[in-house]
1. Restrict the check to the range 70-80 and report whether at least one residue is among the charged types (D, E, K, R), under 17 Å from the mean Cα position of the chain (by Cα) and modelled with pLDDT of 95 or more.
2. May I ask you to list the residues in the range 54-79 that are part of a strand (DSSP E or B) and closer than 14 Å to Cys178 by Cβ?
3. Does Ser148 qualify as being free of Cβ contacts under 8 Å to residues at least 40 places away in the same chain and of a type in the set (Gly, Ala, Ser)?
4. Taking His95 and the conditions (1) touching a Gly at 6+ places or on another chain (Cβ under 8 Å); (2) loosely packed, with under 14 Cβ neighbours inside 10 Å, which numbered condition does it fall short on, given that it satisfies the others?
5. For the range 177-199, name all the residues that are at pLDDT 95 or above and either assigned to a loop (DSSP other than H, G, I, E, B) or among the aromatic types (Phe, Trp, Tyr) (or both).
6. Restricting attention to the range 54-83, report how many residues are buried (at least 16 other Cβ atoms within 10 Å of the Cβ) and among the basic types (Lys, Arg).
7. Could you check how many residues of the range 30-53 are more than 26 Å from Pro163 (Cβ to Cβ) and in contact (Cβ under 8 Å) with a residue 24 or more places away in the chain?
8. Looking only at strands (runs of 3 or more DSSP E) that fall completely inside the range 106-171, which ones have 2 or more residues that are at pLDDT 90 or above, closer than 13 Å to Leu11 by Cβ and within 11 Å of the chain's Cα centre (by Cα)?
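The values are calculated or read from the model by the stated rules, or taken from the named source; none is laboratory data. Everything quoted here is computed from the prediction, not taken from an experiment. Virtual Cβ from ideal backbone geometry, glycine too; neighbours counted across all protein chains shown.
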Amino acid sequence: MIENKSLYIPLYEFRCDLNLLNEIKEIALSLEYKKDTLYNNGDVSKDKFHHELLFKWFNECLTYVKNIYLKDDIELRITSCWINRCKKTNRIHSHIHKNSIVSGVLYLDTDDNPGTTFYYPNPWTYYDNNNFLTLSKSENSTYIKTTSTPEVGKLILFPSSVPHHVKPVTSSNTRYTCSFNTFIKGTLEKDNISSYLDI
């Protein structure tokens, strides 16, 4: 018998140019922040973030993923971008990114901070949303989990609907990440008048 362990969460990794990364980190250090009471007990940039060269690179990475999964006449457009700041003991609660198709997280700081853990229900052991059937041997088998290693300059692209979280920061180094959301632009179902949609 051959055991198939191919079940995983497909994430896409890219590497940012270090000169560009250092420029973004300097900007991140100078921004104004506010408490993010929705998803974490750290801080989030007060205003939406935008950097022309960074967005150009983000779009190149998005195009790579888009060409794998989406139709040729569909684009992925960045709709929002922000900087997260987590100091020691801060964490980011489990959440998804609403109103988005593909999301991204770029690690700006040192490698000794926690990564991002992505997960989704394991169909072998997760039987309904309320989990009223307790059949699995351990809670760890209830979800398929993937944790990205927090390497400086690494960009992770992931489906926005995949839940994810960040464990509490234990290092004295503040954790900075740049995150963004996207939505589709284009025409869907061109030949079907009842489901036609132009975005």
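1. yes
2. Step one: filter the range 54-79 for residues part of a strand (DSSP E or B), giving 74-79.
Scanning the range 54-79 gives a single hit, Ile78.
3. It is false that Ser148 is free of Cβ contacts under 8 Å to residues at least 40 places away in the same chain and of a type in the set (Gly, Ala, Ser).
4. Single failed check for His95: (1).
5. Residues satisfying the conditions are Phe180, Phe183.
6. Residues flagged as buried (at least 16 other Cβ atoms within 10 Å of the Cβ) and among the basic types (Lys, Arg) within the range 54-83 amount to 1.
7. Residues in the range 30-53 being more than 26 Å from Pro163 (Cβ to Cβ) and in contact (Cβ under 8 Å) with a residue 24 or more places away in the chain: 4 in total.
8. So the answer is 116-121, 154-159.
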